[in-house]
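In what follows, a structure is listed as structure tokens, so that the remarks can point back to it.
The values are calculated or read from the model by the stated rules, or taken from the named source; none is laboratory data. For clarity, every value in this text was computed on a predicted model and none was experimentally measured. Methodologically, a virtual Cβ is constructed for each residue, glycine included, from the backbone with ideal geometry; neighbour enumeration extends over all protein chains shown. Remember, those area values only see protein heavy atoms, side chains included, never the ligands or the DNA or RNA. Shrake-Rupley method; radii C 1.70, N 1.55, O 1.52, S 1.80 Å.
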Amino acid sequence: QVQLVESGGGLVQAGGSLRLSCVASGRTLSSYGMGWFRQYPGKEREIAAAINWSGISTYYADSVKGRFTISRANSKNTVYLQMNSLKPEDTAVYYCAGRVNGGLGFTNRQYDYWGQGAQVTVSS
């Protein structure tokens, strides 16, 4: 019943930055755990970052640790993924996901709501 819409994707050169946004409608995200997943062509969707309901706990995949930052602005019903030092291997479709359980989630099955996806392409 929650709708999630991603924005901010696009084309960027290696070493550049992008900021993805995920805006929810239908109800507030303030009690939801949120995550960003990415999917490479021909591969399973994989976790990039997650944040708990309050923002006090975060998780990052090793491949993005130190480069990506997940944050949330519950007052705006929005979750962000700041992506710095982008690499060609970051090229993927990025999905915003929400879970009724307010804790961190790491797998697709742990999330209840999904956005449409945003393409991020990093050129070399």
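Listing for the model above:
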| item | result |
| --- | --- |
| Pairwise centroid distance, computed over Cα atoms, of the range 90-124 with the range 35-72, Å | 7 |
| Rounded FRET efficiency, nearest 0.05, which uses the C-beta distance separating Ser85 from Asp62 and R0 of 22 Å | 0.90 |
| Mean Cα-pair separation over length for the chain, i.e. relative contact order, pairs under 8 Å, 6 or more apart, % | 36 |
| Directionally averaged projected area (convex hull, Cα atoms, the chain), nm² | 6.7 |
| Probe 1.4 Å, accessible area per residue of the chain, Å² | 49 |
| Assigned charges on the beta-carbon of Lys, Arg, Asp, Glu; the range 55-124 dipole about Cα centre (debye) | 160 |
| Percent carbon-and-sulfur accessible area, the chain, ignoring ligands, DNA and RNA, probe 1.4 Å | 48 |
| Share antiparallel - DSSP beta bridges, the chain, percent rounded to 5 | 90 |
